[in-house]
1. Please list, in order along the range 124-140, the HN-Hα scalar couplings obtained from phi with the Karplus expression 6.51 cos²θ - 1.76 cosθ + 1.60 (θ = phi - 60°), rounded to whole Hz, x for Gly and Pro.
2. Taking all protein chains in place and a 1.4 Å probe, what share, in percent, of the accessible surface of the range 1-99 do carbon and sulfur account for?
3. Ignoring ligands, DNA and RNA, what accessible area per residue does the range 350-424 give at 1.4 Å, in Å²?
4. Report the relative contact order of the range 103-164, percent, no decimals, based on alpha-carbon pairs under 8 angstrom and at least 6 residues apart.
5. Just the accessible area per residue of the range 95-217, please: how many Å² with a 1.4 Å probe?
6. Expressed as a rounded percentage, what relative contact order does the range 69-202 have, with Cα pairs under 8 Å and six or more residues apart?
7. Once ligands and nucleic acids are excluded and a 1.4 Å probe is used, how much of residue 60 is accessible, expressed in Å² to the nearest 10?
8. Looking at the P(r) of the range 19-149, how many percent of alpha-carbon pairs lie beyond 27 Å?
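The values are calculated or read from the model by the stated rules, or taken from the named source; none is laboratory data. Keep in mind that this is a model prediction, so the values were computed, not measured. In this analysis, Cβ positions are derived from the backbone assuming ideal geometry, glycine residues included, and neighbour counts consider all displayed protein chains. Just the protein is used for accessible areas: all its heavy atoms, side chains included, with ligands, DNA and RNA removed. Shrake-Rupley method; radii C 1.70, N 1.55, O 1.52, S 1.80 Å.
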Amino acid sequence: MKKFIKTIRNIWAIEDLRTRILITLGFAAIYRFGSFIVLPGIDPERLTALREQTSEGLMSLLNMFSGGAFSNASIFALGIMPYISASIVIQLLAVAVPYFQKMQREGESGRRKINQYTRYLTIVVLLFQGPFYLMNLHAQAAGAIKTDWTLFLISSTIILAAGSMFVLWLGERITDRGIGNGVSLIIMLGIIARLPQAFGQELVSRFTALTGGGLVMFLIEIILLFAVVLASILLVQGTRKVPVQYAQRMVKGQQIGGARQYIPLKLFAANVMPIIFAQAIMFIPATLVGFFSNGAASTGFAMLLSDYTSLPYNLLFAILIIAFTYFYTAITMNPVQMAEDIKRNNGFIPGVRPGKETANYLDDIMSHITLPGSIFLAIIACMPAFAGLLNVQQAFAHFFGGTSLLILVGVVLDTLQQIESYLLMRHYDGLLSSGRLHGRGGVSAY
């Protein structure tokens with residue numbers, strides 16, 4: 001406890017770090033405030049049906065990512081997910097389209113162009129997604145709309161698009177002027193905002209006839225949740241290092257000799273991105289069911305895919321996660337590029353020829369370590385379904401795994417790593433006694 005208090009004092013003593021934390025808290029407060037501002041022309045007292053629709057199924061998860069703004073018919077109702085969807089499309093294009101591949105190789109200027117295209121595509125997604133959201137709102141709570149429908153549809157679509165772009169701007173400002181990871185922090189804020197309510201509902205349900213079990217069952221749930229959190233931390237921090245004996249090099253006549261060095265090949269190089277990508281795709285059937293069923297129970301495969309506890313949903317979800325894990329790992333850990341970098345620095349892997357054989361060697365290693373990582377990631381992602389089988393309330397079950405828990409763990413660790421770096425640079429004790437804290441990158445901050 002004394003060390004924690006001392007660390008807080010050290011954080012407050014560093015003016016730059018203190019300013020960044022206060023800026024982050026200020027932008028976070030703006031985001032949370034905006035999630036309660038209702039679209040013009042809507043009576044918030046008549047949104048009961050919309051709130052009931054978003055209290056279960058995948059719609060509840062979408063509502064959680066927006067921090068409740070979705071069910072509040074807020075100006076931030078669409079949240080940051082359209083940007084995530086646009087990012088998925090752009091990254092797919094970067095693999096399949098030579099023009100985008102070329103931009104990726106252009107360094108910082110290429111990344112700026114890609115970010116610009118991502119924003120343009122986000123606006124396109126918003127202009128399509130906004131009317132669908134408003135049509136669903138009209139179907140669920142037609143009496144809440146107090147203005148002309150056509151005028152409301154046009155004006156609210158523009159407001160929703162502007163709201164989501166403003167949320168994206170807040171995330172970028174947190175990255176630039178705050179403590180970093182702005183977009184991830186925005187998503188985390190939405191998830192944390194739903195945690196107290198979900199915790200309270202689960203506690204009440206365990207002491208009623210609804211689910212039963214009392215205090216003992218509730219304590220078992222907390223123990224299981226703690227175990228899943230620990231497994232998620234191990235998942236986020238997973239790393240494997242491959243030793244590389246560098247050849248001796250000559251720099252300005254001075255010999256720099258063959259110390260044993262390592263190439264960090266991460267066990268979970270894709271981090272939580274495969275789950276986010278897969279979840280964005282799984283929102284499609286849930287959205288279609290929600291928009292076109294008018295609250296009635298739909299039948300068929302689409303309804304099964306909108307139920308996160310169903311076997312078809314979890315099977316497809318797991319397959320998508322495994323596929324996206326390989327896809328994202330191939331993007332972030334390019335064996336050919338790594339082999340070229342090793343050769344360019346006059347390095348080599350013992351027993352492996354430089355060039356193509358080195359690339360094949362690294363690719364083989366990544367293939368072997370990615371498979372168990374992707375399976376473990378899929379298991380963690382499907383944990384909410386297992387929690388649902390134990391009669392855990394749906395809102396609380398989302399915190400037993402899946403996107404929400406991994407985002408929370410990953411963002412918290414990354415944020416702590418950022419703070420740790422500032423403390424160590426100013427010669428203060430870090431958050432841990434060892435002075436080393438692992439973030440999602442899986443590399444110690446020495």
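1. In residue order, the calculated couplings are 4, 4, 5, 5, 8, 6, x, x, 5, 4, 5, 5, 5, 4, 5, 6, 7 Hz.
2. Whole-percent figure for carbon plus sulfur exposure: 66.
3. With all protein chains present, the range 350-424 gives 39 Å² per residue.
4. This gives 35 percent for the range 103-164.
5. Using a 1.4 Å probe on heavy atoms only, each residue of the range 95-217 averages 52 Å².
6. 27
7. Near enough 10 Å² of accessible area.
8. So the portion of pairs separated by more than 27 Å is 36 percent.
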